[in-house]
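The values are calculated or read from the model by the stated rules, or taken from the named source; none is laboratory data. These numbers come from a predicted model, not from an experiment. Here Cβ is always computed from backbone atoms with ideal geometry, including for glycine, and neighbour counts include all displayed protein chains. Just the protein is used for accessible areas: all its heavy atoms, side chains included, with ligands, DNA and RNA removed. Shrake-Rupley method; radii C 1.70, N 1.55, O 1.52, S 1.80 Å.
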Amino acid sequence: MDLSKILIVGSGAREYSMALAIKRDPRVKELFFAPGNGATSKLGENINISDLNKLADFVEKKNINLTIVGPEQPLVDGIVDIFEERGLKIFGSSKRASQLEGSKVFMKKFLNRYDIPTAKFLETSSIEQSYKFIENLNLPIVIKADGLCGGKGVIIATSYDEAKKTVGEMLSGNLFGSAGLKVVIEEFLDGYELSVFAISDGENFKLLPPAQDHKRLLTGNEGPNTGGMGAYAPTPLIDNELMEKIETRIIRPTLDGMRRDGNPFKGVLFAGLMIVNNEPYTLEFNVRFGDPECEILMPLFESSVAEMLYLASDNRLAEIDIKISNKKSVGVVIASKNYPYSSSQPAEIVVDEVVHKNEIGEHSHISYGGVSSDEDGKLFATGGRVIVAVGVGDNVQEARDRAYLLAGQIHFAGKQFRTDIAYQALK
Ligand code: AMP
Ligand code: GLY
């Protein structure tokens with residue numbers, strides 16, 4: 001297995017964290033990022049090619065051994081199909097399998113067909129049908145646009161009027177354009193959320209430690225939904241019995257069902273779950289690592305991440321013994337001033353010298369996301385979620401203390417972060 005040249009597609013802290021993990025394998029010599037960010041250029045070479053066929057040309061020309069895809073959009077656009085047709089190794093799900101994330105309607109129908117637990121729902125493009133279904137649900141009511149909406153396509157309506165108005169705006173195309181022309185209306189599940197990841201080669205799979213994200217912007221679970229403001233793993237909220245239920249009722253039947261349907265799932269299956277009275281329900285699937293979940297899972301691998309992803313892409317996952325440390329990991333997202341409402345003025349990032357010198361740097365590290373760099377190598381916060389401060393420790397408290405100690409050493413104008421990441425583990 002030649003791991004010497006690897007390309008990572010994406011530009012966030014998720015992709016940066018994969019790069020850090022992959023580089024721990026001494027067989028990896030050169031990293032490329034498409035497009036990468038202002039900090040990935042210090043770990044490898046940033047390539048500015050967005051056309052998927054041209055990117056495949058580049059990979060061929062450079063003899064890159066493996067391509068790893070971070071975000072969902074290129075997967076849904078068929079990057080894996082294009083690369084595999086040309087005999088290029090790539091870790092990610094095919095265009096058809098990516099419909100698990102790309103279409104809520106596809107996903108809900110699939111779950112129903114295989115009897116996999118999820119919220120009761122109606123999928124429709126009819127306003128009359130929507131109204132009838134809404135009138136028979138209890139409040140609040142969850143309305144989802146069918147297509148990809150950058151994480152914003154879910155509205156939780158607290159009145160019947162709001163539910164009907166939202167459906168009307170989606171179906172008319174006013175709210176999310178064509179992504180909203182079909183909707184899923186579903187019952188509200190009241191519990192706690194959990195992220196479970198399975199690496200799959202289409203046949204076999206390995207579960208990763210269960211993680212918890214924090215989607216709301218502000219401490220205390222207030223404010224608008226975001227892409228995720230912090231995460232930790234493994235979460236002690238899950239015992240073996242619940243993990244077993246998740247595996248046998250959700251993950252395994254999903255991967256088996258996809259195979260049976262002729263869409264074997266290769267890549268990372270990310271199950272967004274709601275746990276209600278100790279029973280797992282599927283809220284959503286994503287066909288990629290979560291962000292910031294990836295940033296906190298990557299430091300927990302003791303075995304080679306590069307080898308794992310290579311073997312998964314080659315239908316040989318059974319050959320590897322994945323080793324995960326028994327440490328805990330906490331990541332705090334540091335976002336820019338106006339996130340998630342609008343972009344912010346670029347702000348220079350300064351990291352205190354102490355991080356590089358003592359134990360702060362030993363048990364914690366930075367994953368860089370929305371950053372750019374200037375010719376002198378100075379970093380600027382230019383994106384929404386700028387940095388994830390990650391701490392690792394023997395328990396959640398220790399890992400969290402280390403993450404926050406690091407977060408305090410990172411400075412840029414307007415920085416904001418939640419101060420309660422992992423609170424559910426410490427209650
Ligand atoms: P989704 O993209 O489907 O995961 O939805 C985004 C967020 O909306 C989830 O992370 C939940 O916080 C919330 N959500 C989605 N569906 C439901 C549901 N049926 N009941 C309660 N909350 C939900
Ligand atoms: N952290 C949630 C997501 O990546 O969608």
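Those strands (runs of 3 or more DSSP E) of region 275-373 in which at least 3 residues are open to solvent by less than 10 Å² (accessible area, probe 1.4 Å) and within 16 Å of ligand 2 (Cβ to nearest atom), considering only elements entirely within it, cover 279-286, 328-335.
Residues considered: 17, 41. Of these, the only one that is touching a residue at least 40 places away in the same chain (Cβ under 8 Å) and under 19 Å from residue 310 (Cβ atoms) is 17. Among residues of region 6-34 being more than 23 Å from residue 94 (Cβ to Cβ) and in a strand (DSSP E or B), the one that is farthest from the chain's Cα centre (by Cα) is 30. Among the conditions (1) within 16 Å of ligand 2 (Cβ to nearest atom); (2) modelled with pLDDT of 95 or more; (3) open to solvent by 10 Å² or more (accessible area, probe 1.4 Å), the only one that residue 206 does not satisfy is (1).
Scan region 191-205 residue by residue and report those that are touching a Ser or Thr at 6+ places or on another chain (Cβ under 8 Å) and closer than 27 Å to residue 332 by Cβ.
194
The residue of region 232-244 that is nearest to ligand 1 (Cβ to nearest atom), among those that are open to solvent by 30 Å² or more (accessible area, probe 1.4 Å) and over 18 Å from residue 291 (Cα atoms), is 237.
Scanning region 196-231 for residues that are outside any strand (DSSP E or B), within 20 Å of residue 337 (Cα to Cα), within 16 Å of ligand 1 (Cβ to nearest atom) and not hydrophobic (A, V, I, L, M, F, W, C) gives 214, 215, 220, 221, 226, 227, 228. Scanning region 14-24 for residues that are open to solvent by 10 Å² or more (accessible area, probe 1.4 Å) and either hydrophobic (A, V, I, L, M, F, W, C) or out of contact with any Cys (no Cβ under 7 Å at 6 or more places or on another chain) (or both) gives 16, 20, 23, 24. Between 291, 314, the distinction of being within 16 Å of ligand 1 (Cβ to nearest atom), at negative phi and of a type outside the set (Gly, Ala, Ser) belongs to 291 only. All of 227, 257, 223 fail the test of being small (Gly, Ala, Ser), open to solvent by less than 60 Å² (accessible area, probe 1.4 Å), out of contact with any helix residue (DSSP H, G or I) (no Cβ under 9 Å at 6 or more places or on another chain) and in contact (Cβ under 8 Å) with a residue 12 or more places away in the chain, apart from 227.
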